[in-house]
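J.: Below is the structure I would like to discuss, written out as structure tokens.
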Amino acid sequence: MARTARSKGHEVVIAGGGIAGLSLALALKHGAGDALAVTVCDPGIGRDPGVDPRASAIAAGARRMLEVLGVWRQAEAGAEPMLDMIVTDSRLKDPVRPVFLTFDGEVEPGEPFAHMVENAALIGALRDACGTAGVTLAPSAVARFARTTDGMAVALETGGTCDAALLVAADGARSRIRRMAGIQWIGRSYGQSGLVATIRHERPHEGRAVEHFLPAGPFAILPLKDKDGAHRSSIVWTERERDVPALLGLAAEDLLAEVERRFGLELGGIALEGRVQAFPLGIGIARRFVGDHLALVGDAAHVIHPIAGQGLNIGLRDVAALAEAVTEAVRLGLPPGDEEALARYERARRFDTVTMGVMTDGLNRLFSNDLLPLRLVRDLGLGLVDRMPDLKRFFIREAAGMVGAVPRLMRGEAL
């Protein structure tokens, strides 16, 4: 494809109004300003984000990006820093859960390696910031698109069309845009589901995150901000998919008893805040992250197991890398869908994505079982890591998104 000079006001259309799509829209406006007209298309934009029960671990690199984009100040009011983390490995019936690995929570002095933020609050802050920055928020899905001489003709389900120099798929793991573009998906189901809920408990969590490795999969307890005087945590409960319908069909008090068996009594009595929701778990990656005037970000490009809490964070690294590549192209007088800019984005993200996928897949295979030899090996390995402070600091920086070729936004630098 020939590299051609741009005219002012090229449009970028982003299909998907979740955290990744809104963050990308905001980053592009901050980087390119009026040179780009940015539209986010999602039928959910017109709905209240408060119905989302999930919370996400925002790593230090992603937090730095949100701070540069002017979102963090609003989001921080509902954010809870992770001050430390412990890892246990046991059977569900074991009376004691020995701690094999501990991490303190600082990637730099005074900077926690992650904060827990409820998705609804972050999406609300991003929508507000996008509106202020001049991003168009369209409450409609993309119905279809077709290649034109210098971009894409994009048609919306609610009617109307627009000419986009770049179309971005940020519409999740079952991306319609990816499918319509003919980009193949390589993946498989884990036969597991992630059960997500918010828990109220009697005693404060003091910023501690806990990862209980159980035979069916990890049970994570993640600290949330107190609300209405109540201490709160988010749980991500990995369970065998075949057992989930029976669990969700339990009476409320019986389901709470199952949660309590896994949650433990360290924080006192517990109660469910809202209902438990289940999400299927799998691993997958798109064969290509880019096409002709097309780019994939977030779950549309890759899906990993939540065992390390990195799914959203690698999606936000996509956002930072794509925004940097597109902004540089626009400043050189090139269109945002410039072929070399998109190729640079794919090169920047492919290795990191595959590496994280392999790592989380291996961890899930290693820990989601009850084979005695494997338990002995993994517990020995956890104990050895716990005695190696330099290695633990490396893991903390890796989890914080501060290892390797870090995009400028993730370093806290403006584009």
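The values are calculated or read from the model by the stated rules, or taken from the named source; none is laboratory data. Computed from a prediction, not measured in an experiment: that's the story for all the values here. Note: ideal-geometry Cβ built from the backbone for every residue, glycine included; neighbour counts use all protein chains shown.
J.: For the range 239-272, which positions are free of Cβ contacts under 8 Å to residues at least 24 places away in the same chain and not in a loop (DSSP other than H, G, I, E, B)?
T.: Matches in the range 239-272: Pro245, Ala246, Ala252, Glu253, Asp254, Leu255, Leu256, Ala257, Glu258, Glu260.
J.: So, restricting to strands (runs of 3 or more DSSP E) that lie completely within the range 148-238, which ones have at least 1 residues that are more than 30 Å from Glu11 (Cα to Cα)?
T.: 185-201, 208-214, 217-227
J.: Is it true that some residue in the range 93-104 is out of contact with any Leu (no Cβ under 7 Å at 6 or more places or on another chain) and closer than 30 Å to Leu126 by Cα?
T.: For the range 93-104, residues out of contact with any Leu (no Cβ under 7 Å at 6 or more places or on another chain) and closer than 30 Å to Leu126 by Cα: present.
J.: Does the range 359-372 include one or more residues that are in a helix (DSSP H, G or I), modelled with pLDDT of 90 or more and among the small types (Gly, Ala, Ser)?
T.: Taking every residue of the range 359-372 in turn, none turns out to be in a helix (DSSP H, G or I), modelled with pLDDT of 90 or more and among the small types (Gly, Ala, Ser).
J.: Something else: Restricting the range 96-119 to residues that are out of contact with any Ser or Thr (no Cβ under 8 Å at 6 or more places or on another chain) and under 17 Å from Glu211 (Cα atoms), which is modelled with the lowest pLDDT?
T.: Gly105
J.: Filter the range 145-176 down to the residues that are without any contact (Cβ under 8 Å) to a residue 40 or more places away in the chain and at positive phi, then identify the one that is surrounded by the fewest Cβ atoms within 10 Å (Cβ to Cβ).
T.: Residue satisfying both the conditions and the ranking: Gly159.
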